[in-house]
Amino acid sequence: MKLLDNIRVLDLTNVLSGPFSTVHLALLGAEVIKVENPNGGDLARKLGNKPEYNQQLMGTSFLAQNANKKSITLNLKHPKAKEIFKELVKTADVVVENFRPGVMKRLGVGYDTLKTINPKLIYCAISGFGQDGPDSLKPAYDQIIQGLSGVMAINGDERLNPLRAGFPVCDTVGGLNAAFAIMAALFYRERTGEGQFIDVALLDSIMPLMGWVAANWLIGGKPPVLMGNDNFTAAPSGTFRTKDGYINIAANKQEQWHSVCDVLGVPELKTDPRFEERDTRKANRKELTPLLEEKLTQHPTDYWVEILNAHGVPSGAILSLQDALVQPQIEHRRTLDTVEEEGIGPLKLFNVTAKFEKTPGKIETPPPRLSAHTREVLTELGYSDADIDGFKEDGVL
């Protein structure tokens, strides 16, 4: 049995936040049907660094987060397409969309309409700012949300700030938030039989992730200080130079600080009044770092990682993305899995990363070609081949 067996999700989402949400449901066994615009489908189909894939409407951005899904096309501006969609909603458990607020209502397929067709329906709307409020109708992309949330303001250091995160963190976290919310709503429905509307905003989703930083201001009354690769909670905790590169060291406990001193051969720093206590050590980190790097630069990163970890000090190399993706731990955990896509070849994609003992999720099918399942899904609804051919001629799909 799969965790989400017999759960049907209608996925009207595009690009990142929505598809990232629904791919988690698909990996856990839900039947996720992408309902796409006949004119090109999900915009992510054209996004990526391989032009030949973009031309096939299978861009790398699309491939990254649409495994295990089906694809149908419906022109929801066409009355017949609306009728077909409503028939599909009768069979569905979840609808997910990430249009601007009001778009689905204007199309005549908003939640108020759909819940009369299927009262048990869970409807999740993902948007930049939420369904209401003074900014609700503003356009939103990940970098816009990074700027408005404070994320860019707390990244970097005195030389480089503001600084965006190197991947679309707000879109991604928004998608995870939506997946979590949908699972919670499914659980509630199991108990009550009731569906409900879920309003997920990217801006809302990212801000609690800065809880520690925000608490220093909201509770402690101190604004964040730009610290680059240093950890504001402890010292020495951050990135340090070695003989051949850099190392991350997280000596967050007093005993770990003592171990650092012993391993590096500077035991006198343990009783130095500038570094003896945690808070004074944090205040004097700019004086401490050169003293540690004088020793660290005598040996390569791998040497220090091994010896520091052996002495109970969490340490690690700073890997390139290419090296990170093939490190033994990632391979052992099968964080990535391979699925074959005809016309492209083997695709390495991220698997479901929670390891369920009884209901493990996995990649079973590659991301779908545009409209690959239209005939299958509409036939299941009772439409004939002649009906479907006619719909195509009329621009319904």
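Read-outs: derived from the displayed coordinates by stated rules, not from any lab. This is a predicted model, so every value here is computed, not measured. Note that we place each Cβ from the backbone using ideal geometry, even for glycine, and neighbour counts take in every protein chain shown.
Numerical summary
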quantity	calculated
From phi via Karplus (6.51, -1.76, 1.60), per-residue ³J(HN,Hα) for region 307-317 in Hz, x at Gly/Pro	6, 5, 4, 5, 9, x, 9, x, 8, x, 6
Relative contact order for the chain, counting Cα pairs under 8 Å that sit 6 or more residues apart, in percent	19 percent
Length added when fully stretched, THR365-ILE144, from 0.36 nm per residue minus Cα-Cα	76.2 nm
By average C-beta atoms within 10 angstrom, highest first, the peptides 147-158, 131-142	147-158, 131-142
Charge dipole of the chain about the Cα centre (unit charges at C-beta), most positive-ward option of THR116, ALA317, VAL23	THR116
Structure-based [θ]222 nm, the chain - -39500 (n - 2.57) summed over DSSP H runs of at least 4, per residue, nearest 500	-11000 deg cm²/dmol
HN-Hα J in Hz across region 179-190 - Karplus 6.51, -1.76, 1.60, θ = phi - 60°, x for Gly and Pro	4, 4, 5, 5, 4, 5, 5, 5, 5, 4, 5, 4
Entries in LYS253/LYS286; LYS2/LYS80; LYS120/LYS392; LYS2/LYS348 that, when Cα-Cα distance is taken, lie over 25 Å	LYS2/LYS80; LYS120/LYS392
Set of lysines near LYS222 by C-alpha distance (under 17 Å), chain-local residues within fewer than 8 positions excluded	LYS282
Between helix 17-27 and the chain: long-axis angle, C-alpha atoms, 0 to 90°, nearest 10	80 degrees
Shape call, region 1-145: gyration tensor on alpha carbons, a/c limit 1.5	rounded
Packing-based order for 61-70, 177-186, using average beta carbon neighbours within 10 Å, highest first	61-70, 177-186
For region 261-277, 3J(HN,Hα) per residue [Karplus equation, 6.51 cos²θ - 1.76 cosθ + 1.60, θ = phi - 60°, Hz, x = Gly/Pro]	4, 5, 5, 7, x, 10, x, 5, 5, 4, 10, 5, x, 6, 10, 5, 9
Average Cα contact separation per residue, region 109-223, under 8 Å, 6 or more apart, as relative contact order %	35 percent
Cut-off under 5 Å, modelled amide H: who pairs with ASN155 long-range	LEU163
